[in-house]
Amino acid sequence: MTTQILDTVFHRSEVHNLVTSAGEGLFDPAAHQLPVVMASTACYRGYVGAYAVTEGQLRLDKLEAKIGRYTDDDLFVAVPAPALGGRAGKPGEAPFNTVYEHLAMPIAFTGQLLLGAGAVDAVVSRLGYAPAWVYQRVRMLRLAGGTLAADEDLSDAMAAMRAQYIERGSFQPVAALERPDLDWVVRSFM
């Protein structure tokens, strides 16, 4: 499978990749009547979001999407992009045909987001994908209805996981990750 383009989250003055999530309520194009289709093999779902945590709230700031439909013959047909959050879509860059900017759209997500910044390129190039432990800086955010409830730095635990992988080519969860509330994190890269 081709590595997928990841959503991003601007948090603590840095852009992070949204590595994985557990919960409900992230942006859903269907809930906004956006007819998105597969943009490329690197973006099966057809859209990529740029979120931000500002003043303790999760917001969607930018959305890039492939708006249209496929015919029965698998030919792509562009359709007019509907407004999103009161903003008109503008022409996008491949593989997307539409971009929505400056949205500041509140997102009522409830759950946890695992964010990573500063990928260690030597490890990523060996793997071909980027689980949380390949990032230098890793944060786990807990949100309730889009409001930030907790912000935990998991960078040291991920560095320990990375060190095991580099040394042995395999790893076991380190003590800092052996908590019931982090089971979903460990499962995301085991």
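The values are calculated or read from the model by the stated rules, or taken from the named source; none is laboratory data. These numbers come from a predicted model, not from an experiment. All Cβ positions, even for glycine, are placed from backbone atoms using ideal geometry, and neighbour counts span all protein chains on display. Heads up: the accessible areas ignore ligands, DNA and RNA and are worked out on the full protein's heavy atoms, side chains in. Shrake-Rupley method; radii C 1.70, N 1.55, O 1.52, S 1.80 Å.
Quick notes
- Where labels lie 7 Å past Cα in the beta-carbon direction, separation of S170 and Q4 in nm: 2.8
- Here the simple spin-label model places points 7 Å from the Cα toward Cβ, and for A150 and D181 these points are separated by 0.1 nm.
- The distance separating the Cα centre of segment 171-190 from that of segment 32-75 comes to 30 Å.
- A probe of 1.4 angstrom, applied to the heavy atoms of all protein chains, finds D73 with accessible area near 120 square angstrom.
- The residues of the chain expose, per residue, 51 Å² of accessible area to a 1.4 Å probe.
- Cβ-based net charge around V36, under 11 Å, with every Lys or Arg adding one and every Asp or Glu removing one: +1
- Nonlocal amide H pairs with F10, under 5 Å, H built at 1.01 Å: H16, Y51, A52, V53
- Where the Cα pairs of the chain fall when distances are cut into 5 Å bins, in %: 1, 7, 15, 18, 17, 15, 12, 8, 4, 2, 0
- Comparing mean-square fluctuations of D74, D151, D61 from a GNM of the chain with C-alpha springs under 10 Å, the top value falls on D74.
- Charging the Cβ of each Asp and Glu at -1 and of each Lys and Arg at +1, and nothing else, the dipole of the chain about its Cα centre rounds to 120 debye.
- Backbone phi angles across segment 174-185, fed through the Karplus curve with coefficients 6.51, -1.76 and 1.60 (θ = phi - 60°), yield HN-Hα couplings of 6, 3, 5, 9, 8, 10, x, 6, 10, 3, 4, 5 Hz in residue order; Gly and Pro are listed as x.
- Rounded to the nearest 10 Å², the accessible area of S13 at probe 1.4 Å: 110
- With Cα atoms, 0 to 90° folded angle of helix 155-168 axis to the chain main axis: 70
- Burial ranking of peptide ranges 87-94, 14-21 (average Cβ count within 10 Å, highest at the top): 14-21, 87-94
- Heavy-atom surface analysis with a 1.4 Å probe gives segment 1-93 a carbon and sulfur content of 50 percent of its accessible area.
- Springs join every pair of Cα atoms under 10 Å in this Gaussian network model of the chain, and among G169, G46, G111 the largest mean-square fluctuation is at G169.
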